[in-house]
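Colleague: Encoded as structure tokens, here's the structure I'll be asking about.
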There are 2 protein chains.
Amino acid sequence: MSKKNAFYAQSGGVTAVINASACGVIEAARENQDQIGNVYAGHNGILGALREELIDVSLESAEAIAALRHTPSGAFGSCRYKLKSLEDNRAEYERLIEVFKAHDIGYFFYNGGGDSADTCLKISQLSETMGYPIQAIHIPKTVDNDLPLTDNCPGFGSVAKYVAVSTKEAAMDVASMCATSTKVFILEVMGRHAGWIAAAGALAQEQEGDAPHIILFPEIAFDKEKFLAKVQKTVDEKGYCVIVASEGAQYPDGTFLADAGSTDAFGHKQLGGVAPTLANMVKSELGLKYHWALADYLQRAARHIASATDVEQAYAVGRAAVEMAVAGKNAIMPAIIRGEGSEYSWSIAEAPLSEVANVEKFMPRDYISEDGFGITEAGRAYLLPLIQGEDYPPYKNGVPRYTTLKKQLVKKKLGTDFEA
Amino acid sequence: MSKKNAFYAQSGGVTAVINASACGVIEAARENQDQIGNVYAGHNGILGALREELIDVSLESAEAIAALRHTPSGAFGSCRYKLKSLEDNRAEYERLIEVFKAHDIGYFFYNGGGDSADTCLKISQLSETMGYPIQAIHIPKTVDNDLPLTDNCPGFGSVAKYVAVSTKEAAMDVASMCATSTKVFILEVMGRHAGWIAAAGALAQEQEGDAPHIILFPEIAFDKEKFLAKVQKTVDEKGYCVIVASEGAQYPDGTFLADAGSTDAFGHKQLGGVAPTLANMVKSELGLKYHWALADYLQRAARHIASATDVEQAYAVGRAAVEMAVAGKNAIMPAIIRGEGSEYSWSIAEAPLSEVANVEKFMPRDYISEDGFGITEAGRAYLLPLIQGEDYPPYKNGVPRYTTLKKQLVKKKLGTDFEA
């Protein structure tokens with residue numbers, strides 16, 4: 001039996017640890033060369049497959065691959081591109097099969113979030129739907145932590161740690177100057193529909209009453225009067241008020257507090273601007289001096305302060321995907337399962353892709369405090385293990401020494417271009 | 001001869017390492033107990049002196065003081081409060097002398113920037129102007145790096161490292177997704193009149209052409225056409241463009257690109273909003289998809305990624321201030337002097353306060369590239385040593401274990417309150 005090659009691609013927004021998953025995939029594939037031939041990585045995700053732009057991973061040294069473990073962003077390029085359904089764009093699937101066939105690809109590893117799980121599911125069905133035998137395994141990745149079945153998503157732990165550390169540091173700054181300066185500080189973080197990232201701000205607290213004093217979740221309808229009352233009360237009592245606001249914070253009717261107006265390739269609205277919106281509210285209604293920060297990409301790229309637990313898990317799901325593939329599995333995702341007991345432990349299990357695709361996991365109501373402005377002990381117990389441990393990258397010239405790959409493309413075998 | 005007590009206060013915007021200077025002051029004072037009695041810290045800076053709110057530092061353990069070295073923000077509280085001239089508010093000076101006399105204070109250590117150096121100078125002249133004998137030593141601190149005579153200012157190296165690391169990480173994120181997503185990323189950083197912090201973004205570059213592709217300095221008048229042309233050219237050539245913009249970026253007539261409209265106690269305009277202003281420009285004129293981040297307090301509070309060189313220097317100027325005081329000096333500031341030769345070295349010398357107060361040091365033109373959008377080799381040679389080395393704080397529960405002091409106030413001896 002001739003062994004098949006593997007295709008690996010990164011999809012959607014990148015994270016501080018998606019390359020650690022790539023590292024796990026590639027290292028495990030190299031250890032299973034009896035069953036997996038070469039690994040081809042998609043140049044800019046699935047577009048690399050459609051355009052026959054395949055990066056020859058065999059040309060990358062073991063050192064370079066090992067360094068992926070501490071390198072943020074998507075080393076092979078990622079993309080926001082969602083395959084349409086088979087009915088709506090059969091040509092795309094025919095093209096994929098043409099490329100897979102030309103390069104003898106029998107394993108498909110897709111590293112992404114909920115939208116990507118849907119794409120991966122469609123690929124896993126190609127043997128049924130179009131007679132092309134392929135095993136497709138989805139590798140979970142998303143800072144939003146919104147995938148179902150897995151206890152948490154690789155990428156989230158590191159952004160959570162960044163937000164907890166940054167909130168703690170900025171809050172100390174504000175506290176030390178509030179007597180004569182800024183009274184209200186707002187940090188806007190990612191999280192379009194799920195408030196997991198904002199919730200992580202609460203991990204800055206050492207004891208009750210510590211900053212952040214207010215967290216705004218997309219799951220809790222924004223109540224302006226209640227918000228302003230809490231801000232004023234906190235300033236009266238503490239001298240200052242620290243707020244962590246999710247970019248997806250919204251009014252009861254579902255309108256986002258700030259809507260930048262444009263949409264991405266998945267049809268999601270591009271958000272940004274909750275912090276200045278709240279700041280203006282605080283200034284005009286309460287007359288309090290404010291400052292605000294918008295972490296944007298800084299938070300999801302912050303490999304310098306990555307969670308060691310997150311790095312470990314990202315690497316492990318990459319390896320597990322390959323192990324599942326060589327065991328003959330298809331249409332699944334390695335999921336992180338939390339162990340029972342008070343000591344945190346985790347293992348990896350198989351989750352069926354059909355139950356993962358297009359499902360968003362929101363913050364459970366019992367993780368959010370009754371007043372809607374904080375988290376409960378249950379929420380804290382869930383979040384805290386995910387930010388444990390530091391995993392510092394090596395440094396050179398004062399900045400992290402991240403790796404850059406050769407990214408040499410395989411010679412095209414098809415004479416045709418594909419417009420994608 | 002009876003030994004005198006010392007007063008120490010933090011002033012103006014806090015930094016990641018101002019407490020390292022406090023640590024240096026207190027540890028050195030404790031080693032010189034033959035000449036210095038107790039150290040009293042101003043609760044919220046100079047306000048603590050005016051209000052007779054003096055923190056009894058002798059109640060803080062050696063461990064707590066040592067932990068100040070890795071704790072950001074102002075542990076004793078800082079403030080934005082500038083003493084008026086003797087002519088304009090003699091009552092303030094009389095009050096200070098009253099408090100100093102009541103608590104037998106003969107040493108005044110003031111930890112701040114240019115405005116604070118001016119205050120410190122006025123205090124140093126109290127023996128001449130009002131007959132109260134006191135030695136006043138200024139300890140340099142400012143993220144803006146705009147004090148004269150000293151090679152650099154403690155606080156700057158750490159914010160510079162934060163900006164370099166963050167720019168590098170965010171740029172990698174953008175690079176990996178630009179094929180289908182964000183083309184232009186803008187990071188807004190501090191720096192009202194001097195572009196030192198923005199310049200540090202360039203330290204993210206490993207080779208020519210690397211991000212950031214554009215840096216906007218307050219020292220270089222903003223030219224919209226030239227800026228947009230450079231953005232478009234960079235996107236055409238690289239696929240994306242990363243911009244680091246100083247909050248103080250301004251038009252040729254001196255108008256700030258973004259002016260939040262309010263002013264602080266020193267009369268400085270509160271800025272913020274250069275990044276969204278530039279983003280709108282890029283979107284409306286070039287039609288390019290953008291993202292932007294505003295680091296705000298996160299940058300100056302980021303002790304988790306402090307420069308080891310900066311921590312070392314901040315501690316050293318604190319110690320040096322005490323050593324200068326016990327040597328009988330007055331009206332000076334310990335300045336950092338860079339050694340000759342290609343290997344970076346530094347030492348501490350005395351700078352006369354009269355030449356420090358109210359002088360701002362801007363980026364020299366020969367540190368800025370000819371097109372005004374980057375730094376030169378001379379600029380890089382100056383900046384690079386300042387971000388060397390990592391000095392990680394200890395962690396507990398996934399976040400840094402920063403110290404909190406008891407901050408117990410000394411019993412007031414004066415029956416009068418002072419409205420400040």
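Colleague: Suppose we keep only residues that are free of Cβ contacts under 8 Å to residues at least 60 places away in the same chain and not polar (S, T, N, Q) within the stretch A:383-398. Which one would you say is farthest from the other protein chains (Cβ to nearest Cβ)?
Modeller: Going through the qualifying residues, I end up with A:K396.
Colleague: Related question: Given the criteria within 14 Å of chain B (Cβ to nearest Cβ), farther than 25 Å from B:K168 by Cα and either surrounded by fewer than 24 Cβ atoms within 10 Å (Cβ to Cβ) or in contact with a Gly (Cβ under 6 Å, 6 or more places away or on another chain) (or both), does A:A9 qualify?
Modeller: no
Colleague: Scan the stretch A:303-331 residue by residue and report those that are more than 19 Å from A:Q10 (Cβ to Cβ) and among the hydrophobic types (A, V, I, L, M, F, W, C).
Modeller: Scanning the stretch A:303-331 gives A:I305, A:A308, A:V326, A:A327, A:A331.
Colleague: For the stretch B:143-163, which residues satisfy the criterion of being more than 9 Å from every other protein chain (Cβ to nearest Cβ), among the aliphatic types (A, V, I, L, M) and part of a helix (DSSP H, G or I)?
Modeller: B:V159, B:V163
Colleague: Test of understanding: among B:V311, B:V231, which residue is in contact with a strand residue (DSSP E or B) (Cβ under 7 Å, 6 or more places away or on another chain), at pLDDT 95 or above and either surrounded by fewer than 24 Cβ atoms within 10 Å (Cβ to Cβ) or not in a loop (DSSP other than H, G, I, E, B) (or both)?
Modeller: Exactly one of B:V311, B:V231 is in contact with a strand residue (DSSP E or B) (Cβ under 7 Å, 6 or more places away or on another chain), at pLDDT 95 or above and either surrounded by fewer than 24 Cβ atoms within 10 Å (Cβ to Cβ) or not in a loop (DSSP other than H, G, I, E, B) (or both), namely B:V231.
Colleague: Restricting to the stretch B:175-201, name every residue that is surrounded by fewer than 24 Cβ atoms within 10 Å (Cβ to Cβ) and in a helix (DSSP H, G or I).
Modeller: B:A175
Colleague: Scan the stretch B:94-117 residue by residue and report those that are assigned to a helix (DSSP H, G or I) and crowded, with 20+ Cβ neighbours inside 10 Å.
Modeller: B:R95, B:L96, B:V99, B:F100, B:G114, B:D115, B:S116, B:A117
Colleague: Right, here's the next one. Can A:I368 be described as more than 30 Å from A:E206 (Cβ to Cβ), crowded, with 16+ Cβ neighbours inside 10 Å and either charged (D, E, K, R) or touching a residue at least 12 places away in the same chain (Cβ under 8 Å) (or both)?
Modeller: no
Colleague: If a residue must be touching a Ser or Thr at 6+ places or on another chain (Cβ under 7 Å) and not in a loop (DSSP other than H, G, I, E, B), how many such residues does the stretch A:369-383 contain?
Modeller: 1
Colleague: Is at least one residue of the stretch A:236-246 within 13 Å of chain B (Cβ to nearest Cβ), assigned to a loop (DSSP other than H, G, I, E, B), buried (at least 16 other Cβ atoms within 10 Å of the Cβ) and at pLDDT 95 or above?
Modeller: Looking through the stretch A:236-246, at least one residue is within 13 Å of chain B (Cβ to nearest Cβ), assigned to a loop (DSSP other than H, G, I, E, B), buried (at least 16 other Cβ atoms within 10 Å of the Cβ) and at pLDDT 95 or above.
Colleague: Could you pull out the residue among A:V39, A:V14 that is in contact (Cβ under 8 Å) with a residue 24 or more places away in the chain, more than 14 Å from chain B (Cβ to nearest Cβ) and β-branched (V, I, T)?
Modeller: Among A:V39, A:V14, only A:V39 is in contact (Cβ under 8 Å) with a residue 24 or more places away in the chain, more than 14 Å from chain B (Cβ to nearest Cβ) and β-branched (V, I, T).
Colleague: If you don't mind, there's one more thing I want to ask. Looking at A:K82, A:K3, which one is of a type in the set (K, R) and either over 24 Å from A:F418 (Cβ atoms) or crowded, with 22+ Cβ neighbours inside 10 Å (or both)?
Modeller: On inspection, the qualifying residue turns out to be A:K3.
Colleague: Taking the stretch B:164-217, which residues are more than 10 Å from chain A (Cβ to nearest Cβ) and under 17 Å from the mean Cα position of the chain (by Cα)?
Modeller: Scanning the stretch B:164-217 gives B:V189, B:M190, B:G191, B:R192, B:H193, B:A194, B:G195, B:W196, B:I197, B:A198, B:A199, B:G201.
Colleague: Among the residues of the stretch B:386-400, which ones are assigned to a strand (DSSP E or B) and touching a strand residue (DSSP E or B) at 6+ places or on another chain (Cβ under 7 Å)?
Modeller: B:E390, B:Y395
Colleague: Specify the residue that is farthest from the other protein chains (Cβ to nearest Cβ); the eligible residues are those in the stretch B:352-382 that are β-branched (V, I, T) and under 30 Å from B:D223 (Cα atoms).
Modeller: B:V359
Colleague: Anything in the stretch B:29-49 that is part of a helix (DSSP H, G or I) and crowded, with 24+ Cβ neighbours inside 10 Å? List them, or say none.
Modeller: Of everything in the stretch B:29-49, those that are part of a helix (DSSP H, G or I) and crowded, with 24+ Cβ neighbours inside 10 Å turn out to be B:A29, B:I46, B:G48, B:A49.
Colleague: Let me ask something additional. Go through (1) at positive phi; (2) not in a loop (DSSP other than H, G, I, E, B) and name the single condition A:R69 misses.
Modeller: For A:R69, the failing item is (1).
Colleague: Consider the stretch A:269-328. How many of its residues are under 18 Å from the mean Cα position of the chain (by Cα), among the β-branched types (V, I, T) and more than 7 Å from chain B (Cβ to nearest Cβ)?
Modeller: Result for the stretch A:269-328: 3.
Colleague: Next question. Among residues belonging to the stretch A:49-74 that are in contact with a strand residue (DSSP E or B) (Cβ under 8 Å, 6 or more places away or on another chain) and either within 27 Å of A:Q299 (Cα to Cα) or at pLDDT below 95 (or both), point out the one that is nearest to the other protein chains (Cβ to nearest Cβ).
Modeller: The extreme case among them is A:G74.
The values are calculated or read from the model by the stated rules, or taken from the named source; none is laboratory data. Note that the structure is a prediction, hence the values are computed from the model and not measured. Please note: Cβ atoms are built from the backbone with ideal geometry, for glycine as well, and neighbour counts cover all protein chains shown.
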